Amino acid sequence: MMPLLHIDDLWVAYNGRGPNQPVQNMLHGISLSIQRGERVAIIGESGAGKSLLTMAIINLLQEGAFIRQGKIEFEDQVLNQLTPEALRLIRGRRIGMVFQDPMTNLNPLLTIEQQLVQCIRSHRRISYQDARTIALHKLRLVHIPAPESRLLQYPHQLSAGQRQRVTIAMALSLEPALIIADEPTSALDVTMQAEIMHLLNHLCQSNGVALLFVSHDLGLVAQHTDRSLIMYAGRIVEDGPTASLINDAQHPYTQGLIKALPQHSRPGSRLYQIPGQMPLPQQVGPGCAFAPRCPYTTERCLQQIPAPQGPGGHQASCHLLASDAAGDSHMGHTGGSL
Ligand code: SF4
């Protein structure tokens, strides 16, 4: 079955700041696929490249950033070869976005009705009244209280949780096949986080919409996704079914993230923290990006980029997992670099 979204060997870079400054690679050979209706998480610390990846998918990279190599295919179209207008039509209609800050999607000067209707009518030739009916229906779907009166309000008159519900309604207001939710609950309190995650999950599942959920919180995604990808310094270091990844993490970085979950610390003791800090993607040495923080680093790790290893559907990039971990037959592997 053709995946809904297929990313193959994606490299994203920034132009150097001065004439003699080299181009800096921020995403290093990202490959991933999402099936229709699948719920996939991308997990990583701040600066790992998660948001850059989502911006590359919808072609909203900041000035100076560009796709250096690779292909992003979505519903049989190569997104990074489309014209800006063709991409605009896909964005919104087939790919919905929910950001951490709802105000990224909302215009503070327009009422909720105006923006929902505008969004719907920018992609569909229907009357204002029909678009308003759809908008009202979507507000009901996201459990906004008193939706008729909310339509008349401005974003600042709603609570943070209600604003995020409106952006979910907006993302669903057309007929998306994929919703990209980038840290959608980070600005909310814990109770509201759970409600919004449950809502997103429920709506995607009941409408057959795939969900790409970006988060720094492994604990949060555990209950809400089918598959998880762990990002570190612009690379994917582990990819597997979420349950398998949580119960049988293969990469030392993922193992560290799981050890750091609050449920794994004893009452009264301090939470575990992976020692050291993640390097910037462009400052990684020639070998494994995690080597400076890894408890198992060997000389080989410092020299060679580990290739993904592992059986059917659960892979991690670590030399420890190579079937010949004790030998040196991977000495020539570099994993490719630009
Ligand atoms: Fe650690 Fe080496 Fe595996 Fe990297 S390749 S995670 S440094 S053991």
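The values are calculated or read from the model by the stated rules, or taken from the named source; none is laboratory data. Note that the structure is a prediction, hence the values are computed from the model and not measured. Here the Cβ positions follow ideal geometry from the backbone for every residue, glycine too, while neighbour counts run over all protein chains shown. Accessible surface areas use protein heavy atoms only, side chains included; no ligands, DNA or RNA. Shrake-Rupley method; radii C 1.70, N 1.55, O 1.52, S 1.80 Å.
Regarding the stretch 5-225, what's the average projected area of the Cα-atom convex hull, expressed in nm²? The partial results should precede the final answer.
Working: hull surface 51.3 nm².
Reported value for the Cα convex hull: 12.8 nm².
How much length is gained on full extension from residue 282 to residue 157, taking 0.36 nm per residue of separation minus their Cα-Cα distance? Intermediate results must be reported in sequence, preceding the final value.
Details: separation 125, 0.36 × 125 = 45.00 nm, distance 4.23 nm.
Result for the pair: 40.8 nm of gain on full extension.
Just report the Cα centroid separation between the stretch 50-122 and the stretch 1-34, whole Å.
Cα centres, the stretch 50-122 to the stretch 1-34: 17 Å.
Could you calculate the FRET efficiency of residue 69 with residue 297 from 1/(1 + (r/R0)^6), where r is the beta carbon distance between them and R0 is 35 Å, rounded to 0.05? Spell out each step's value before the answer.
Values: r = 29 Å, r/R0 = 0.82.
After rounding to 0.05, the efficiency reads 0.75.
Treating the angle as unsigned and between 0 and 90°, give the value, to the nearest 10°, between the Cα long axis of helix 160-172 and the longest Cα principal axis of the chain.
90
Using every alpha carbon pair in the stretch 232-325, what percent of pairs falls into each 5 Å bin from 0 up to the bin containing the largest distance?
That works out to 2, 13, 22, 24, 19, 12, 5, 2, 0, in percent per bin.
With labels modelled as points extended 7 Å from the Cα through the Cβ direction, what inter-label distance (nm, one decimal) is found for residue 103 paired with residue 272?
With each label placed 7 Å out from Cα toward Cβ, I get 3.9 nm.
Pull out the extension gain between residue 321 and residue 88, defined as 0.36 nm times the separation in residues minus the alpha carbon to alpha carbon distance; nm, one decimal.
Values: separation 233, 0.36 × 233 = 83.88 nm, distance 4.23 nm.
Extra length from residue 321 to residue 88 when fully extended: 79.6 nm.
As a test, work out the antiparallel percent of DSSP beta bridges whose residues both lie in the stretch 170-253, rounded to the nearest 5. Don't skip to the end; give the middle numbers.
Details: 6 of 11 bridges.
Antiparallel: roughly 55 percent of the beta bridges in the stretch 170-253.
Between residue 114 and residue 198, what is 0.36 nm times their sequence separation minus the Cα-Cα distance? Round to one decimal in nm.
Numbers: separation 84, 0.36 × 84 = 30.24 nm, distance 2.71 nm.
That pair, residue 114 and residue 198, stretches by 27.5 nm at full extension.
With both bridge residues required to lie in the chain, what share of the DSSP beta bridges run antiparallel, to the nearest 5%?
Looking only at bridges with both residues in the chain, the antiparallel portion is about 60 percent.
Rounded to the nearest 0.05, what FRET efficiency do residue 8 and residue 149 have when you use their Cβ-Cβ distance and R0 = 51 Å?
Values: r = 48 Å, r/R0 = 0.94.
That pair, residue 8 with residue 149, gives E of 0.60.
With runs of 4+ DSSP H residues as the only contributors, calculate the mean residue ellipticity of the chain at 222 nm using -39,500 (n - 2.57) per run, divided by the residue total and rounded to the nearest 500.
On the way: 11 runs with 102 residues, N = 338.
Using -39500 (n - 2.57) per qualifying helix, the result is -8500 deg cm²/dmol.
When you count, for each residue, the other Cβ atoms within 10 Å and take the mean per peptide, how do 242-254, 38-50 rank with the highest first?
Top of the packing list down: 38-50, 242-254.
Just the accessible area for residue 301, please: 1.4 Å probe, Å², rounded to the nearest 10?
20
Largest first, what is the accessible-area ranking of 264, 28 with a 1.4 Å probe?
Working: 264 105, 28 35 Å².
I get 264, 28, largest accessible area first.
So what's the angle, to the nearest 10 degrees on a 0 to 90 scale, between helix 112-121 and the longest Cα principal axis of the chain?
With both axes taken from Cα atoms, the answer is about 80 degrees.
List the lysines whose Cα lies under 28 Å from the Cα of residue 71, skipping any in the same chain that are fewer than 8 positions away.
Those lysines meeting the cut-off are 50.
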